[in-house]
Amino acid sequence: MSELEQTRLAELRQAYLRHLPQRVQALAGRIQRYGEQGWDAPGLALLHEDVQRLAGASGRYGLVQASQRLLALESLLGTHRERQTLPDAEGQRQLAALIQELGSQTPSMLAAQESAGATAALPSEAAPAAATAPQATAVGTDAADGSADAEADAAPPRILVVEDNRSEAIYAEGILQSAGMRTRVVDQADEVVPALEAFQPDLVLMDLYLPDVDGMTLTARIRENEAFLHLPIVFLSGEEDPDKQFEAIDAGGDDFLSKPVRARHLIAAVNTRVRRARALARRTTAPAPARDPRTGLHERRWLLDHLDAGLATGFGSADAPGGGVLFIEMIGAAQLRERVGLHALDRVADGVAAMIARRLGDMPVARWGDGSFLAYAREGDDAALETLARGVREALASHDIDLQGTRLRARVTVGVCSLSHRFADLNALLEAVERAARSARAAPVGVVAFAPPQHPSQARESGLLERIREAIDGSGFELIYQPIVAVAGGDHAQYQALLRLRELDGKVYPAAEVLPLAERSGLMPAIDRWVVDHALDAVGALASDGGPPRLFVSQSPLTIAAPDQARWLGARLERPGLADALILELRLDEVLPYLDEVEAFCRDIAARGVRFCLSQFQGADGERLLERLPLAYVKLAPRFASAVVEAAVRDELRALIEKAHAREVKVIGHRIEDAQAAAALWMSGIDYLQGNLVQAPGRELGFDFQQAVL
């Protein structure tokens, strides 16, 4: 680990330890509250998972005492979950004693850390994996020619999920699909081999214990088929016995993940195994490099295969040799093609290629586009690669190329990228070197090396994620409310509940900034539950003769697909009148990938009195969900507010509203900012308006619906 990484890790450790007392205090408050108000299974599960996460972080940062106390706490909570029991008076006393002991230790640990300084020694295994590569989704426009192989390489991983517990299967499938993977779920052992043959997955994610056979026996059956001899098999199980885990690996499994697994850990484990398997498959089947005897160029596919295999097996990492790639681009190639034609340009490019190949010797070089080339240097650090690039540029500048009797002097720019930057995949590497090549066009020396953006956003994102976790455990989140007003008048109060995260210095993060990060980190179920809890508290406190106000509360399909969500929500709705006050809001685009699971959840919860609203309502997908889901409201997509004056949009809008009304579904005009849009929507037949025209979001539930005039 470099000195910079050690310093950064020490800073993270200090930040974590500074916040640890608050997080311990929040846990203590939750344990005390459960002891006073009564424990329930969903609350126990959520507390157990939070303690697990905190124990893991404490161990990662070398905080042995904190980790030991938290693991003892986790063991008590985990025992109750396994036995499906809730803490009694003695259990409550034990939990309170452990958390009190931990709370008394944190000040001394903090003082010791501050005296040790920011460069305190840390366990080597605590170093976080660097991920400085950009998340690329394309390899650039120059790669368009002959890109079929590249597209096949970039095909989304195909994952077969073998899990008999439907809720856990839905959870795993949702996480993998959100990462762009294709999935298929089977819940019976005898369906696995047929599914393998039909689906041809890149990896099998398997529960260790199935109803008819254990995962080890099933793995042996899979390995009997030569076609699946090297297929990666990853076990996902709650089995904690190390001997059982070893037996699973010994039986032919490739990895073992313990439940509950965090979303990013599952995605990383699956992606790594798939990438390695694909790279090794190519390495074993790749033909000898085809090299053009005239130009000395290699086949591009061969070069990319070796680059990808090198990335997958760790080449270019901190423990491997250096090396990198050069993206060499002819200056003015497009203009030359317009002037002399493609055939003549090819002749010039062949001459440039021959010079590059002679200059680089045994280094693999391949044609990339009309006037660009990719070279693979197996050795050398950043400085050596830049020197090599300048040498190529100078060599080309000193030689002429004959074109139809005219002597041309080729000028090139070179982008350089070292493999030591730990790129996530080949696409990320290629995008980085192309980005460097684009920068080289404007550079005086014509050579630019890729440097990972030193975004303060990385440190900022890490800090924001820590703040989100603290807000889930304690304070920081807050709800603000925006009224939703009936266009025909009415005095029943109803609001949209909007989530905000407030920093200690008063800075506020909107949900649009918080939720994507939370979703990537697997925190959406905890956040959505926080919102529901606090929304119900707010409406319960304002119950009046006319009943409590209605609150529209957004929920993620990932939360709905989480195990025990329906049971958890049902327990929260036992207080009279609360079910009628809660309207769960789902986004159309988020629902579509999980439609079957969302429909089952909605029908279950709707039977208990909860109503549902579909936002971003538009088009054929909106009409389909209108038929499938038990909706009470729909919120129009924002485009209807901004473009409603257009005739075609008005006609589409009226048709949608008529279909909603035919199913007795109320229609809400959303994000209304001006009177013209409000009037046009009103004339189209909507039922409610929401937006800053009515009132901006605020912290109070005090809007006067009786006096509201639109």
log10 I(q)/I(0) for region 458-689, Debye formula on C-alpha points only (no solvent), q = 0.07, 0.08, 0.11, 0.15 Å⁻¹, two decimals, reads -0.23, -0.31, -0.59, -1.09
Rounded to the nearest 5, the percent of DSSP beta bridges in region 363-509 running antiparallel is 85 percent
Residues Thr183, Thr79 in order from fewest to most other beta-carbon atoms within 10 Å are Thr79, Thr183
Computed over region 476-534, the relative contact order (Cα-Cα under 8 Å, seq sep at least six) in percent reads 29 percent
Taking Cα pairs closer than 8 Å and at least 6 residues apart, the relative contact order of region 506-605 in percent is 28 percent
Restricted to region 141-285, the DSSP antiparallel beta bridge percent, nearest 5, is 5 percent
Simple spin-label estimate for Glu478/Thr85, 7 Å along Cα→Cβ, in nm, reads 4.3 nm
Inter-part gap, Cα centre of region 684-704 to Cα centre of region 489-566, in whole angstrom, is 17 Å
Placing each pseudo-label 7 Å from Cα in the direction of the beta carbon, Ala488 and Arg438 end up separated by a distance in nanometres of 5.4 nm
The set of residues whose placed amide H lies less than 5 Å from the amide H of Ile401, leaving out same-chain residues fewer than 5 positions away, is Leu408, Arg409, Ala410
Summed over the other residues with a beta carbon less than 14 angstrom from that of Gly380, with K and R at +1 and D and E at -1, the charge totals -3
Residue separation between His399 and Ser521 times 0.36 nm, minus their alpha-carbon distance, gives in nm 38.5 nm
Between the alpha carbon centres of region 219-238 and region 568-590 the gap in Å comes to 42 Å
Residues meeting the amide H criterion for Leu257 (H placed from the backbone, H to H distance under 5 Å, 5 or more places apart or on another chain) are Phe235, Leu236, Ser237
Looking only at lysines whose Cα falls under 26 Å of Lys666's and that sit 8 or more positions away or on another chain, we get Lys635
One finds the C-alpha centres of region 156-202 and region 615-669 to be spaced, in Å, by 34 Å
Any aspartates and glutamates whose Cα falls less than 16 Å from that of Lys659, other than same-chain ones fewer than 8 residues away, would be Asp621, Glu623, Glu627, Asp651, Asp687
Ranked from fewest to most other Cβ atoms within 10 Å of their own Cβ, Ile657, Ile159 fall in the order Ile657, Ile159
For Lys244, counting only lysines whose alpha-carbon sits under 30 Å away and dropping same-chain residues fewer than eight positions off, the answer is Lys259
Going fewest to most other Cβ atoms within 10 Å around each Cβ, Trp682, Trp39 line up as Trp682, Trp39
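We did not get these values from a lab; they are worked out from the coordinates using the rules stated. None of the values given here were measured: they were computed from a predicted structure. Glycine gets a Cβ as well: all are built from the backbone with ideal geometry, and neighbour counts include every protein chain shown.
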